[in-house]
Amino acid sequence: MTLKTLWHRLGSPRWFYQISRPWIYVLGILALVLLVTGTVWGLVFAPMDYQQHDSFRIMYVHVPAAMVAQSAYIVMGFAGVLLLVWRMKLADMVLATVVPFGMSMTLLALVTGAVWGKPTWGAWWVWDARTTSMLVLLFLYFGLYALRQAIARPEAAARACAVLAVVGMINIPIIKYSVNFALTLHQKASFTLTEAPSMPPEMWLPLALNVLGIYCLFGANLLSRLRLEILRRERGTQWVRDLVLSGSA
């Protein structure tokens, strides 16, 4: 299969629907195993932090949620570009299906951050560069959801959401680098791909498992919701009617 053929097939909801089902089970099982293992390891067996004591354990929920919330928005940003430039129907379906998951993960990151901040900073909330930019991310998710509901014409709603998703991408590097260029109480990244972790392995390994697990959960959620969205939007086509008649939808 050539890259040109693959590119055209990626824009086909029918082709995507046909190949995506097995991946839901693969990613779902991986998410379950990784998240259960990482969470139990981190909350029960990881050693206590010498400064933050047991309050640091919220990291095993907070950090994966914050990371995947930003990644989900990046996915929407790229989907917005594909929609605006190449008019891919599947790209708008991705935009529509990612919003609820990204919104819930951003909210989870903010809530767990507040729970972590109370014993660490002595306050539930501070107008810190990182927390404020994460709050902006939540507003962007809310805006995308409300914008689609407010515009009656699907084509116009799709374009408006694509523009907002692309423009909102500017907030992602602000979130990532806010702890470097602004005075902030927020700690720097727990681990990066370019530097060795500052924590011992028994502390960062369960975090890594939860990060991988939350991305697998995101993938499984995206695929399952996207398949439902494809069926909803393509319900008038012959191939969907054949699926329904055969009972394999």
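The values are calculated or read from the model by the stated rules, or taken from the named source; none is laboratory data. The shown structure was predicted, so the numbers you read here are calculated from the model rather than taken from an experiment. Please note: Cβ atoms are built from the backbone with ideal geometry, for glycine as well, and neighbour counts cover all protein chains shown.
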Pairs with Cβ under 6 Å, 6+ apart, first in region 118-139 and surrounded by 14 or more Cβ atoms within 10 Å (Cβ to Cβ) and of a type outside the set (Lys, Arg), second modelled with pLDDT under 90 and part of a helix (DSSP H, G or I): ALA129/SER178; SER133/SER178
Residue check, SER190 surrounded by 17 or more Cβ atoms within 10 Å (Cβ to Cβ) and at pLDDT below 85: yes
Residue identified as under 14 Å from the mean Cα position of the chain (by Cα), assigned to a helix (DSSP H, G or I) and surrounded by fewer than 22 Cβ atoms within 10 Å (Cβ to Cβ) among ALA72, ALA31, ALA79: ALA31
Residue count, region 161-182 (criterion: within 16 Å of VAL81 (Cβ to Cβ), free of Cβ contacts under 8 Å to residues at least 12 places away in the same chain and part of a helix (DSSP H, G or I)): 1
Cross-chain or 6+ apart pairs with Cβ under 8 Å, region 4-24 first and in a helix (DSSP H, G or I) and modelled with pLDDT of 95 or more, then of a type in the set (Gly, Ala, Ser) and surrounded by fewer than 14 Cβ atoms within 10 Å (Cβ to Cβ): none
Residue tally, condition part of a helix (DSSP H, G or I), out of contact with any Ser or Thr (no Cβ under 6 Å at 6 or more places or on another chain) and under 13 Å from LYS89 (Cβ atoms), over region 224-249: 3
Region 97-129: number of residues that are part of a helix (DSSP H, G or I) and modelled with pLDDT under 90: 6
Single match in TRP41, TRP23 (criterion: over 27 Å from TYR141 (Cβ atoms) and surrounded by 13 or more Cβ atoms within 10 Å (Cβ to Cβ)): TRP41
